[in-house]
1. Which residue pairs have Cβ atoms closer than 7 Å, lie 6 or more positions apart in sequence or on different chains, and pair a first residue in the stretch 214-226 that is farther than 18 Å from Val73 by Cβ with a second residue that is in a loop (DSSP other than H, G, I, E, B)?
2. Can Arg143 be described as more than 20 Å from Ile34 (Cα to Cα), under 15 Å from the mean Cα position of the chain (by Cα) and of a type in the set (D, E, K, R)?
3. Scanning the stretch 121-156 for residues that are part of a helix (DSSP H, G or I) and touching a strand residue (DSSP E or B) at 6+ places or on another chain (Cβ under 6 Å), which turns out surrounded by the fewest Cβ atoms within 10 Å (Cβ to Cβ)?
4. Has the stretch 70-84 got any residue that is charged (D, E, K, R), free of Cβ contacts under 8 Å to residues at least 40 places away in the same chain and either within 23 Å of Pro199 (Cβ to Cβ) or surrounded by fewer than 20 Cβ atoms within 10 Å (Cβ to Cβ) (or both)?
5. So is Ala166 closer than 23 Å to Pro33 by Cα and either within 16 Å of the chain's Cα centre (by Cα) or not aromatic (Phe, Trp, Tyr) (or both) or not?
6. I need a count of the residues in the stretch 91-115 that are part of a loop (DSSP other than H, G, I, E, B) and not acidic (Asp, Glu).
Amino acid sequence: MSGRVASVLLGVVVMGFFIGKSIRKADASGSGPIPAATTDDALAATPGKVKAVFAGGCFWGTQAVFERVKGVVDTTVGYSGGSAATATYDQVTTETTGHAESVEVVYDPSKITYGQLLRIFFSVGHDPTQLNRQGPDEGPSYRSAIFYENDDQKRIAQAYIAQLDAVHAFGRPIVTEVSPLKGFYRAEDYHQDYALHNPGNPYILVCDRPKIEALKKEFPDYFVEYSGKH
């Protein structure tokens with residue numbers, strides 16, 4: 001994954017990431033978070049656990065955002081979109097497997113809704129207008145995708161994308177793929193909580209730390225500190 005290997009110059013990472021982000025922010029309508037989903041489920045009456053799978057570029061940053069969201073019980077980075085036989089880092093980096101770097105989010109539906117998770121995903125998790133890339137990272141494994149578990153998730157996701165496009169929430173059309181979840185395959189151990197365990201990594205500082213800060217600023221009611229799994 002060219003954007004993350006040690007030999008890549010930090011200047012290239014900085015330029016690639018901030019060009020993408022500046023286009024997104026400059027073209028967005030208004031300021032602050034994008035609109036909330038008008039099509040959504042109500043909060044559940046009782047606690048529970050529901051799974052949702054999102055892909056938004058490097059899974060380090062996507063996980064770093066969702067594990068700091070109030071109501072999220074657990075997160076796991078992995079691969080979705082391809083087969084179990086090709087769900088390894090070395091194979092996914094060839095960009096031939098059909099997999100996207102993904103994050104499985106387990107959340108309590110009595111504390112946060114699927115639509116609210118989508119709002120965070122589109123607002124600070126990644127740039128949904130970039131096709132098969134995020135900032136300095138290029139290839140279909142970095143694509144923007146929502147892998148839905150059921151028809152309800154599909155309905156809410158498709159309605160929200162249509163809503164955002166209708167109000168021109170971004171300066172360009174959303175290219176996020178909405179596909180059925182055929183499988184989620186856990187990534188190697190060293191990828192889990194990578195941003196947390198490697199805070200000084202230049203890629204984390206440039207590409208992922210700003211996402212955490214944006215979450216804290218734009219969604220203070222949903223932001224919680226995270227210090228790792230217990």
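1. Pairs that qualify, where the first residue is farther than 18 Å from Val73 by Cβ and the partner is in a loop (DSSP other than H, G, I, E, B), are Glu218/Gly32; Glu218/Pro33.
2. yes
3. Lys154
4. no
5. yes
6. 11
Conditions tested, residue by residue: (1) closer than 15 Å to Glu101 by Cα; (2) modelled with pLDDT of 95 or more; (3) not in a helix (DSSP H, G or I).
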residue	(1), (2), (3)
Lys182	yes, yes, yes
Leu196	no, yes, no
Gly200	no, yes, yes
Tyr203	no, yes, no
Pro210	no, yes, no
Leu215	no, yes, no
Pro220	no, yes, yes
Tyr226	no, yes, yes
His230	no, no, yes
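The values are calculated or read from the model by the stated rules, or taken from the named source; none is laboratory data. Just so it is clear, the structure is predicted and the values come from calculations on it, not from any experiment. Reconstructed Cβ throughout: ideal geometry from the backbone, glycine too, with neighbour counts over all protein chains shown.
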